[in-house]
Each structure stands twice: as C-alpha cells, then as structure tokens.
1. If you line up the long axis of helix 4-23 against the longest principal axis of the chain, both from Cα atoms, how many degrees apart are they, to the nearest 10?
2. Where in the stretch 1-29 does the label zone of residue 44 land, with the point 7 angstrom along Cα→C-beta and an amide N cut-off under 20 Å?
3. Size of the dipole of the chain about the Cα centre, Lys and Arg at +1 and Asp and Glu at -1 on the beta carbon, nothing else charged, in debye to 20?
4. Pairwise over distinct Cα atoms, reciprocal of the mean inverse distance: report the Kirkwood radius of the chain in Å, one decimal place.
5. Could you grab the relative contact order for the stretch 285-345? Cα pairs under 8 Å, six or more apart, rounded to a whole percent.
6. May I ask which residue of 17, 66, 93 lies farthest towards the positive end of the charge dipole of the chain, with charges of +1 (Lys, Arg) and -1 (Asp, Glu) on Cβ and the Cα centre as origin?
7. If each DSSP helix of 4+ residues adds -39,500 (n - 2.57) and the sum is divided by the residues in the chain, what number results at 222 nm, nearest 500 deg cm²/dmol?
8. Would you please put 274-281, 2-9 in order of how densely packed they are, using the mean number of other Cβ atoms within 10 angstrom per residue and starting with the highest?
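The values are calculated or read from the model by the stated rules, or taken from the named source; none is laboratory data. As the structure is a prediction and not an experimental result, all values here were calculated from the model. A quick note on method: Cβ atoms are made from the backbone with ideal geometry, for glycine too, and the neighbour counts reach across all protein chains shown. Ligands, DNA and RNA are excluded from the accessible area calculation, which covers all protein heavy atoms including side chains. Shrake-Rupley method; radii C 1.70, N 1.55, O 1.52, S 1.80 Å.
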Amino acid sequence: MLTPLGWGTAAASAALYAAGWWLGYPEPAALAVAGLAAVAGALLWTLPGPRLDVGREIAPAKVARGEPAVGVLHVANRGRAVRGLSARDAAGPADVAVGIPRLRRGGRRTVTYTLPTARRGEIAVGPLRLERADPLRLARRVREYGEPRVLLVRPRTVRLPVLPSGRAHHLEGPTSDRSPAGSATFHALREYVVGDELRHIHWKSSARTGTLMVRRLVDASLPTTTVVLEARAAAWPEPDDFELAVDAAASAAAGAASAGFPVRVLTGAGPLAATRGGPDDAEALLDALTAVGTDDGRRSAVDAVRSVRPGGSLVVVTNGDAEMGRIASVRPRFDRVVVLRVRPDGPASAPPGVLAVDVDDLDGLAESWRRAW
C-alpha cells in the first residue's frame, strides 16, 4: 500500500523523531510527526474505493491476427456516486487504458475499448484494475474487478483449393457422413433425426442419455492432407517469418478441412492436431495453431512424417532448401508433395515429384497456389 516514497518518508520521520527526542530538540520531533501524519493521511486517503460490479465480454472471442476485437465492460455501481475513473484492463502482457464515466449510486454503464490483436496467441483479458493514490504519492491501492476472459488471436488464412491427390476416389470428396458402405467407420455419436436408419442407433448411449443417439459414420477412404510446420527456433531467425509460416500452414490445413477431408498437422515435436472430415474441423485446426511457437528441438519436422500413415497429400512449410533431402526420402509415401518456402533466399532446388511454392506474403500464397495447378 505504501509507495517507495511513502516508506522512505515513514523511515526518515521515525529516525528524525528519535534523534529529536534523544537530543532534546522539539523542532525535528515536530517535523517527524508531520511526516508520519502525512503517511497516515495517505493511507486513509486510499482506503475508500468504489463498489463496482464488472461483467466482461469479448466480441468476437476468436479473431485472425490483425483483425479487430473489442472488450465490452458492463459496470454497475453498488456504492456511493463516483466521478469519472481512469482504469486499466489487462490484455496479455500489456494494459489497455479504459475510461469509466461518472456513475451515480445504482447506475450502470457499458464501456467498449479496442483489444490488441497484432500478436497471435491466447490473450488473457482482465481483470480491470483501478488505482487510487494520494496527492503526495505516498500510498496507493489497486483494486481488481471482473473475471478475466480469453481472446484467441488465431493465424491469418487465405482460401486455398484442396490439393488434387492423383487418385480418382480422392477427387470425389466426401460421399456422406452417414454412409453405410464398407469403407465407412464410426466417428462420433449424435442425436437421432427423422430419416436416420434404425440400425445405426446406439442403444446403450440412448438408454444412458434418455435421447435416441445414432452412430455418425464417415468414409475412411478419404485422403488425408498432412501439413508439416518447421518449428525449430534455429530455422527462424526472424519472428515475422515464422508467423508467415504459421499462416501458410493454417491456410493449407483449413482449405483441406473446409472441403471435408481429414487433416493432420505436425511439427518436429510431434502432432498438433488431427481431424477426420467434420464440419467444425477448420475451427479446431485454427485453434490448435493459435498457441504453436518455435522450440529448441533438434528433430526435423519431416522426420516426424515417417511415423504417420502414408497416402494423401503432404504440405511442408519451411524456410528454404535445407529439408529437401529429407523430403525426397518421404516422397514415395504420398500421392503429392508440396513445399511452401517462406521468404527464400534463392530459387528452389526441389527433387523430382516435389512442387516448391515460394511464399513472400500471405496474399501472394493464394495466387502462387492456384498457378501451381
């Protein structure tokens, strides 16, 4: 509660009072009493505080990097009237200034302010901090209001067409998420709707929930798009280049997921996400890529590909030609292999059967991707 100036004033006043009493001089003692009184008055000044109820919303709760997002505070005054307050709301490592207008007793106000979205990640928003200090800055009190919320700043994406795989059944796309064919496999349970086949009802789950539940089946023969992101810190001396790499990986993954195909995303540290061709897969992949960062591992991202099932398309997002040798070794395991080279230093030296696409910016990726086919 006491500031460094307040502690110094209190200590100096106590020492001055002791010296005055010991030497028999009343003037230092009187000055010391004045200093101690100032400290006590400062503590009393900061003691009262507004009684506020603060509710918080974030709109929208998920945005792409650089897109606008706002915080909405619903402030209700449960105590005596307060004049306009200057507060700060935590937004990740930074604070955002928030002006709260005058509130009478029982009054309510809604305050909006812009949240920072320049950096990707999970941004903790809140609590709201009100600071009250005395005029001499000897004491201060910080009060916190409202429960924090989380803003997801996800990678930016551009729409990319799904990769052609070179197999006829790949180009057909998903046939049905309830297909009874032999290639259909169980994916999840959902509530029964009129028209569902009775033989797909899952009776145990229906008895447990009290609602008819049916098995959701998907075509297991659909090709998988494997997206590999180079995440070793040594490969990305420039943080902006890695952010562009994450955006490129997210664009490739979301494009395949939006078309209804299974997708898996890997780094050298291991799997990040895997989907099976559902309507919410693109959202799940973007959420998973929100928190990805560089690591100090020595394992190449392409080395992680050796442990996954072969087939489908492989998209490798890297910063140059350093991984081309490893990519050539896994090329026979996939129908199509594409390397996205983020801001390369020179022309590509791709091995046979591997398509290299240079990515200098995200908008350019969409055009280069379309020209490649």
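1. Helix 4-23 sits roughly 30 degrees off the main axis of the chain.
2. Backbone N within reach: 1-3, 6-7, 9-11, 13-14.
3. 1460
4. 25.5
5. Relative contact order of the stretch 285-345: 37 percent.
6. Farthest towards the positive end: 17.
7. -9000 deg cm²/dmol
8. Packing order, densest peptide first, comes out as 274-281, 2-9.
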